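Data first, discussion second: the structure below is written as structure tokens.
The values are calculated or read from the model by the stated rules, or taken from the named source; none is laboratory data. This is a predicted model, so every value here is computed, not measured. Heads up, the Cβs are rebuilt from the backbone with ideal geometry, glycines too, and the neighbour counts pull from every protein chain shown. Side chains are part of the model used for accessible areas, which takes the heavy atoms of the whole protein and leaves out ligands, DNA and RNA. Shrake-Rupley method; radii C 1.70, N 1.55, O 1.52, S 1.80 Å.
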Amino acid sequence: MELAIRQVERQDYLGKVSTFGNMLKEIKKTLGTPYYECKYGVIYNMDCEKALSMMTGCPFSSTITSPPYNIGKTYEQIMPLDKYINWLENISSHIYRLTKPDGSYLLNIGYLSIPDKGRAVPISYLLWDKTRFFLNQEIIWHYEAGVSAKRYLSPRNEKILWYVKDKDHFIFNLDAIRDPNVKYPNQKKNGRLRCNTIGKNPSDVWEIAKVTSGKDRSSDERTPHPAQFPEDLIKRLMLGFTNDEDIILEPFLGSGTVGAVAVELNRRFIGFEIDKSYCEIAKKRIFHKIQEKESMLDFRD
């Protein structure tokens, strides 16, 4: 019985590897040679909107990304608000077209200012229904470090819009992301434990530290990118909303966090980044993650 299960698992593994290999062939045929390639994925130094518009027949299991917030960071040019929303809407339409039926679109967005309307307007208010995806839930990512303020409250959260393509059939691995910190682990009802022995549902508010910078407070994973995803956040998203060997799209790769975590968790990735200097940061980071993983495998052997 165990042998039969292992054979099925291996066939499934080989099938997914073959799917990824075939997808890469199609992508290279369409987009040309990538900036960087490894057995876990590729990086293209391209504008994602242009690249996605060219792609066909490449179904992704999930998209995990955080686009520019249109607030004047060094890697973006501020657009008129309607143009910015239309830009994100167009990119989301391409992502919908390229997503598998049971796939998700995990979109991390923050705040922007609208003259004479609002100081810190959540982009989710402006964007949530501008896509064919079904909005399954909004996740609140809460952190302690952030913007300091004196005349208003210091912002300490961002949103992750969890979109799914099919509202009734989607990947969700709750046990993989349960929180072991249960307040009353031995609480019973009618003689039975009320709590799952693995842990509790982490809820829709996630307390995950931001990647910080500065003297004596810089995170170990800090890179020169000014708006870097924390690996802990991406790990929870990947474990909860994708499966082993799944192919993940990251249209705004930045410092390469999604690619690096994909290596660690045995996923595959296709990343786009318009800034060549960030492509180089991501490349080195992913290469280092592969070395770490392979050295751990060698140690276990």
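Restricted to the range 99-134, and to residues there that are aliphatic (A, V, I, L, M) and crowded, with 19+ Cβ neighbours inside 10 Å, the residue that is farthest from GLU49 (Cα to Cα) is LEU112. Residues in the range 178-210 that are at pLDDT below 85 and not polar (S, T, N, Q): VAL182, LYS183, TYR184, PRO185, LYS188, LYS189, GLY191, ARG192, LEU193, ARG194, CYS195. Answer yes or no as to whether ILE64 is assigned to a strand (DSSP E or B) and either in contact with a Phe, Trp or Tyr (Cβ under 6 Å, 6 or more places away or on another chain) or not small (Gly, Ala, Ser) (or both). The answer is yes for ILE64. Residues that are farther than 30 Å from VAL121 by Cβ and part of a loop (DSSP other than H, G, I, E, B) within the range 47-61 comprise MET55, THR56, GLY57, CYS58, PRO59, listed in sequence order. Can you report the number of residues in the range 71-115 which are under 25 Å from ILE248 (Cβ atoms), part of a strand (DSSP E or B) and of a type in the set (Phe, Trp, Tyr)? The qualifying residues number 1. Figure legend. Inter-residue proximity from the range 11-32: first residues open to solvent by less than 60 Å² (accessible area, probe 1.4 Å), second residues in a helix (DSSP H, G or I) and modelled with pLDDT of 70 or more, beta-carbon distance below 7 Å, spacing 6+ or different chains. Indicated pairs: THR30/MET54; LEU31/ALA51; LEU31/MET54. Of all residue pairs spaced 6 or more apart or on separate chains, those with beta-carbon atoms under 7 Å, a first member in the range 45-68 that is at positive phi and a second member that is open to solvent by 60 Å² or more (accessible area, probe 1.4 Å) are GLY57/GLU26. Within the range 47-66, being modelled with pLDDT of 95 or more and open to solvent by 40 Å² or more (accessible area, probe 1.4 Å) holds for ASP47, GLU49, LYS50, SER53, MET54.
Kindly indicate the residue of the range 120-173 that is among the polar types (S, T, N, Q) and part of a strand (DSSP E or B) and also modelled with the lowest pLDDT among those meeting that condition. Per the criteria, the residue is ASN157.
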